[in-house]
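The structure appears right after this line, and notes come after that.
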Amino acid sequence: MKAEDTFFTLEGESEGLYKEKGSKFLAFAYPVQDEEEIKENIEALKKKYYDARHHCYAYILGKDQEQFRANDDGEPNHSAGDPILGQLRSNNLSNALVVVVRYFGGTKLGVGGLIHAYKTAAAEAITNGQIITAIVKESVKFNFDYLDMNDVMKLIKDYDLEIKKQEFDNTCLMHLSIRASLYEEVMEKLTNINSVKLTD
């Protein structure tokens, strides 16, 4: 049973390979945070495998898998992107991208053959990776007086909060990452500390 503020994603990059009738399908799976990162990964693969005929991909973003896309990159409709997306979905992954690079071997595989090849290559890349449970986090930035340091540090310790950035001076600056399910509770206690002022 996964908590409401967690989702499954990939721990790191992984690869898979499927060969059929001389065609090679190289699959690459990545954990990603946003569309910018997705674009960078796809561009890097297009540069590296510039002589490949197709770079088909699918991705899912967001805890509830609300953002997703499948791209056939010139293969027949729904024969490449959708089977890749299907593998992300059947593994219940989010914030993940799978790109399958195809080198054509001279023999046409037909739509059924393509669906099988893209699905198998994508599954291979995912299987070769590590699936982890990620926690949805909110971030908060705030200033506070040095005198309230103990209260702030106690709160961080009590809730095991991640410090993204900190600067200590007469006025201190802190940037924290808070687990989504604890966000309201932590914010209430944080704003009860006298000198805390939220910033953006």
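The values are calculated or read from the model by the stated rules, or taken from the named source; none is laboratory data. Given the structure is predicted, the values throughout are model-derived calculations rather than measurements. Using ideal geometry, Cβ is built from the backbone for each residue, glycine included, and neighbour counts are taken over all protein chains shown. Protein only, heavy atoms only, side chains kept; ligands, DNA and RNA dropped before computing areas. Shrake-Rupley method; radii C 1.70, N 1.55, O 1.52, S 1.80 Å.
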message = How would segment 41-91 be classified by its alpha-carbon gyration tensor: rounded, prolate or oblate, with rounded meaning a/c under 1.5 and the a/b versus b/c comparison settling the rest?
response = oblate
request  = Using θ = phi - 60° and the Karplus relation 6.51 cos²θ - 1.76 cosθ + 1.60, list the HN-Hα couplings for segment 98-106 in order, rounded to whole Hz, with x at every Gly or Pro.
outcome  = 10, 10, 10, 9, 10, 9, 6, x, x
inquiry  = I'm a student and want to see the number: the projected area of the Cα convex hull of the chain, averaged over all directions, in nm².
reply    = 13.3 nm²
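With respect to the cross-link table entries Lys39/Lys108; Lys164/Lys197; Lys48/Lys108; Lys63/Lys119; Lys63/Lys157; Lys21/Lys48, which display a Cα-Cα separation exceeding 21 Å?
Values: Lys39/Lys108 29 Å; Lys164/Lys197 17 Å; Lys48/Lys108 24 Å; Lys63/Lys119 23 Å; Lys63/Lys157 26 Å; Lys21/Lys48 23 Å.
The pairs that break the limit, which is 21 Å between Cα atoms, are Lys39/Lys108; Lys48/Lys108; Lys63/Lys119; Lys63/Lys157; Lys21/Lys48.
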request  = Please return the longest stretch of the chain lacking exposed loop sites, where GluC sites (Glu not before Pro) count only if DSSP places them in a loop and at most 16 other Cβ atoms lie within 10 Å.
outcome  = 67-200
key: Check: the chain dipole with +1 on Lys, Arg Cβ and -1 on Asp, Glu Cβ, in debye   = 1080 debye
remark   = Check: C-alpha center segment 73-116 vs C-alpha center segment 139-200, spacing in Å is 45 Å
Cleavage-rule hits (chymotrypsin sites (Phe, Trp or Tyr not before Pro)) in segment 104-160: DSSP loop, at most 14 neighbouring Cβ within 10 angstrom = Phe104
task = Using the Karplus curve 6.51 cos²θ - 1.76 cosθ + 1.60 with θ = phi - 60°, work out ³J(HN,Hα) for each residue of segment 55-60 in order, rounded to whole Hz, and write x for Gly and Pro.
result = 10, 8, 8, 8, 9, 9
task = Can you figure out the FRET efficiency of Met187 with Glu20, using R₀ = 45 Å and their beta-carbon distance, to the nearest 0.05?
result = 0.25
key: Where segment 105-191 is the region considered: accessible area per residue in Å², 1.4 Å probe   = 60 Å²
